[in-house]
Amino acid sequence: MNREYTLKDMKLLSEKAFDIKAIRHGYAMRTMHIDAGSLEVTEKAVSQEMKEKLTGGKGFGLRLLWNATKAETRWDDPENEIVIAMGPVCGNTNYPGSGKSLVVSLSPMTGIPIDSNVGGYFGPYLKFGGWDALELQGKANKDLIICIDNVLGKVCFYEAPDGIPRDTHILSDILTRAFAGNEEAPSADPDKLQAISVVSAGRGAEHSPMGVLNFSLYDRRRKGIRVKQAGRGGIGSVLRNKHILAVVCRYEGVKQNKNDAADPAAVQRLGLKLHREIIQNDDMQCKMRRQGTAHLMEVMNDYDLLPTKNHKFGQDPRGNEIASWVWEKLFSQNLPDGCWYGCTLACAHAVDGFELKTGPYKGQRVCVDGPEYESAAGLGSNLYVFDPEGILELNFYCDTYGIDTISFGTMCGFLMECRELGILDKARTDGIELEWGNWQAAAQILHDMADGKRFGVLAGKGVRFLAEYFAKEYGADPSLMKDIAMHGKGLEQSEYISKESLAQQGGYYLTNKGPQHDEAWLIFMDMVNNKIPSFEDKAEALHYFPMFRTWFGLQGLCKLPWNDIEPADNGKWPESNKVPDHVFNYIDLYKAVTGEKLDWDGLIRQSERVYNFQRLFNIRQGKGHRKDDYPPYRAMGPVLEDEYLAREERYDKQMLDKMGVDPKGKSVQEKIRITREYRFAQYELLVDAVFKRRGWSKNGTPTPEHLKEIGMDMPELLALVKLREQQ
């Protein structure tokens, strides 16, 4: 039984009052800045220019971070910020998927801005106090707990009590009950508990740059806390580096139209339309309401896209052991598993009463959020783990320790392959036996990361660091390490095999932040359906989809209701992959909330402004060169002989048909070399086509002409472009 805490246990350091402000048509037109070092709270106005050029959400986050930092700022400098921003549609309870917020910071993994979207109640609760964004800057001397009370209109700074648990599943529960209660006792009132949301990062985030932020929500039916992750790029590590233990937000009275839509009837009508689609079509399409994103498991395996053994292979006969129907049986069913009110898709499933087998909570029964597809693939098949209970164990400990499941899974796959190649042994891993399929070994790495000891500290630095370290310290072949370390810009690749889709290679590595699938997922369009055959077609897709998907992060929307549920007649559209009916829904939703005009081109233009701004932010930080946009070769093709031989017939046929080279009589190594040269040449042509379509120079810099065309020809940006092109 965990000890209960009350507000009396927390030393109040400072308290600042603020005026609660009503939202007008989706905007409060102000942001809150908190300095963890000085305990100062500052209100900042949002200018009309900032709203018009950067829209909200991710756009506001990048602008505030830009203003707060300099070219020389590093992730662990006090001036680095964590910005949580919501967007005008966020908080709407009528349209499914409207509870997302965007988190932006300089990443410990990449050194450039990272953005990560997240569900949970914190973003909407913050917004309802009359805030478009929150900036967390500075660095405290001792662990802080910050409470933003949007009921009483005050920010309170507390010194964290000595010995308070730091693992997320305990800390979030403690703080929810404490801040829902009073000086004398924590609360057990479901209404008061549901009014609290906590942002925190667990112990692992203190020792690894791949830490996540956990955003909590109180689940009334489970009578406990659940968490959603801002998972990518190490933002949780930034929080702990600032000695912020948690940020709490309190808000009571959620109801329809708290973001004051200009046309609430239209918002309700659009929401009802999508609710009906989900109820009628979900069981026939993706089964999100029963399986969540885990519905993808067997689909990816069937199409040779499921990462297996460090992304070496895309398919395995054991794939069905962790297929969607396995997770459906484990997930608790018939619960409204949405991460914000009003989401009929309700895909945030959980496994209740799971008994842990390892670590400090061995023998305890817990609620495991997920796994999502990325976690099931990254912690499962990529490690050659086909034991659902092993995956759930790793998923739980990643979450409570505050570690990104994607980065952790990709990192462990790299370590296991290095063990197979003889680069690692038990002496170098402090006795951990990193054989394929050994989930207990992966769990031990997690526990050591959380404790800040042994091999866990080294492993937690990520694959870019490990590849260089193994070459330098253990004599590993540097070129092989570069080929099989699955990262871009320092961020580990998410869990899809991109070898056979040139467009998806671009979708991963021609991104601003690194290989994360939220910009463009083009594998089926490109590889399976051959809908984008030419370089120009691919470039157009790598323009449209990153811009369209960026838009969700500007508004406070979840992507999943866009194309994981489709109208029954979606096939009637010439470009059905865009789900045009839903795009028009989003345009109408934006107009209904904000009262402002928008069309299809305007939607893309909103995103272009922010996307190009982020590219220029990378350039300001010394990145954003063409050379920064290349994949490890395994993301492009077969690296090792057994990798080639596993698909020899496919690769030989491609050599004959596409390259005009007869593979007969050639050694496997020679065929690998020929394939490699061809695929690199294809990628170069893709980069040329994409940069041209995006209005960038051959080095990847937005041109002055393009910036003027999209309305981002601001003097500070043009000066940066000029400086880059002179180098």
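The values are calculated or read from the model by the stated rules, or taken from the named source; none is laboratory data. Treat the numbers as computed from the prediction; the structure is a model and nothing was measured. Neighbour counts run over all protein chains shown; Cβ positions are idealised from the backbone, glycine included.
Those residues that are surrounded by 14 or more Cβ atoms within 10 Å (Cβ to Cβ) and in contact with a helix residue (DSSP H, G or I) (Cβ under 8 Å, 6 or more places away or on another chain), I need them from segment 462-481; list them, please.
Gly462, Val463, Leu466, Ala467, Glu468, Tyr469, Phe470, Ala471, Ala476, Met481, listed by residue number.
Each row is one residue, and each column tells you yes or no for (1) surrounded by fewer than 19 Cβ atoms within 10 Å (Cβ to Cβ); (2) under 29 Å from Leu274 (Cβ atoms); (3) at pLDDT 95 or above.
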position: Met1; (1), (2), (3): yes, no, no
position: Leu13; (1), (2), (3): yes, no, yes
position: Lys16; (1), (2), (3): yes, no, yes
position: Thr42; (1), (2), (3): yes, no, yes
position: Gly59; (1), (2), (3): no, yes, yes
position: Arg63; (1), (2), (3): no, no, yes
position: Ile84; (1), (2), (3): no, yes, yes
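Let's see how each residue does on (1) aromatic (Phe, Trp, Tyr); (2) surrounded by fewer than 23 Cβ atoms within 10 Å (Cβ to Cβ); (3) touching a residue at least 40 places away in the same chain (Cβ under 8 Å):
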| position | (1), (2), (3) |
| --- | --- |
| Ile225 | no, no, yes |
| Ala262 | no, yes, yes |
| His275 | no, yes, yes |
| Arg289 | no, yes, yes |
| Val299 | no, yes, no |
| Leu306 | no, no, yes |
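Being within 18 Å of Lys8 (Cβ to Cβ), touching a Phe, Trp or Tyr at 6+ places or on another chain (Cβ under 7 Å), surrounded by fewer than 24 Cβ atoms within 10 Å (Cβ to Cβ) and hydrophobic (A, V, I, L, M, F, W, C) narrows it down to one residue among Ile145, Ile196, Ile164; which is it? Step through it out loud before you land on a result.
Working: Ile145 fails: surrounded by fewer than 24 Cβ atoms within 10 Å (Cβ to Cβ); Ile196 fails: surrounded by fewer than 24 Cβ atoms within 10 Å (Cβ to Cβ).
Only one candidate passes the filter, namely Ile164.
For (1) surrounded by fewer than 16 Cβ atoms within 10 Å (Cβ to Cβ); (2) more than 28 Å from the chain's Cα centre (by Cα); (3) in a helix (DSSP H, G or I), each residue gets a yes or a no:
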{"residue": "Phe691", "(1), (2), (3)": "no, no, yes"}
{"residue": "Lys698", "(1), (2), (3)": "yes, yes, no"}
{"residue": "Glu705", "(1), (2), (3)": "yes, yes, yes"}
{"residue": "Lys708", "(1), (2), (3)": "yes, yes, yes"}
{"residue": "Glu716", "(1), (2), (3)": "yes, yes, yes"}
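Check Asp399, Asp430, Asp448 and return the single one that is among the acidic types (Asp, Glu), touching an Asp or Glu at 6+ places or on another chain (Cβ under 8 Å) and under 30 Å from Val610 (Cβ atoms). Full working, then the answer.
Details: Asp430 fails: under 30 Å from Val610 (Cβ atoms); Asp448 fails: under 30 Å from Val610 (Cβ atoms).
Asp399 is the lone residue from the list that is among the acidic types (Asp, Glu), touching an Asp or Glu at 6+ places or on another chain (Cβ under 8 Å) and under 30 Å from Val610 (Cβ atoms).
Can you name the number of the only condition in (1) closer than 20 Å to Tyr508 by Cα; (2) free of Cβ contacts under 8 Å to residues at least 12 places away in the same chain; (3) of a type outside the set (Val, Ile, Thr) that Lys653 fails?
If we test Lys653 against (1) closer than 20 Å to Tyr508 by Cα; (2) free of Cβ contacts under 8 Å to residues at least 12 places away in the same chain; (3) of a type outside the set (Val, Ile, Thr), just (1) comes out false.
Among the candidates Ala520, Ala443, Ala450, which residue alone is free of Cβ contacts under 8 Å to residues at least 60 places away in the same chain and not acidic (Asp, Glu)? Talk me through it step by step, then tell me what you get.
Numbers: Ala443 fails: free of Cβ contacts under 8 Å to residues at least 60 places away in the same chain; Ala450 fails: free of Cβ contacts under 8 Å to residues at least 60 places away in the same chain.
Being free of Cβ contacts under 8 Å to residues at least 60 places away in the same chain and not acidic (Asp, Glu) holds for just one of Ala520, Ala443, Ala450, which is Ala520.
Quick check on segment 350-368. Is at least one of its residues modelled with pLDDT under 95, in contact with a His (Cβ under 8 Å, 6 or more places away or on another chain) and surrounded by fewer than 24 Cβ atoms within 10 Å (Cβ to Cβ)?
Scanning segment 350-368, I find no residue that is modelled with pLDDT under 95, in contact with a His (Cβ under 8 Å, 6 or more places away or on another chain) and surrounded by fewer than 24 Cβ atoms within 10 Å (Cβ to Cβ), so the answer is no.
Tally time: how many residues in segment 489-508 are surrounded by fewer than 24 Cβ atoms within 10 Å (Cβ to Cβ) and not in a loop (DSSP other than H, G, I, E, B)?
1
How many of the residues making up segment 525-552 are without any contact (Cβ under 8 Å) to a residue 24 or more places away in the chain and under 17 Å from Lys499 (Cα atoms)?
Here is the first cut: in segment 525-552, the ones without any contact (Cβ under 8 Å) to a residue 24 or more places away in the chain are 529-530, 533-534, 537.
From the residues that got through so far, the ones that are under 17 Å from Lys499 (Cα atoms) too are 529-530, 533.
Going through segment 525-552 one residue at a time, the tally reaches 3.
Counting residues that are among the hydrophobic types (A, V, I, L, M, F, W, C) and out of contact with any helix residue (DSSP H, G or I) (no Cβ under 8 Å at 6 or more places or on another chain), which strands (runs of 3 or more DSSP E) fully inside segment 70-171 reach at least 2? Working first, answer last.
Working: elements: 82-85, 101-106, 113-118, 133-137, 144-149, 154-159.
By residue number, 144-149, 154-159.
Can you name the condition, by its number, that Leu335 falls short on among (1) more than 22 Å from the chain's Cα centre (by Cα); (2) modelled with pLDDT of 95 or more?
Single failed check for Leu335: (2).
Restricting the search to segment 516-546, which residues are over 24 Å from the mean Cα position of the chain (by Cα), assigned to a loop (DSSP other than H, G, I, E, B) and among the charged types (D, E, K, R)?
Of everything in segment 516-546, just one residue is over 24 Å from the mean Cα position of the chain (by Cα), assigned to a loop (DSSP other than H, G, I, E, B) and among the charged types (D, E, K, R), namely Lys531.
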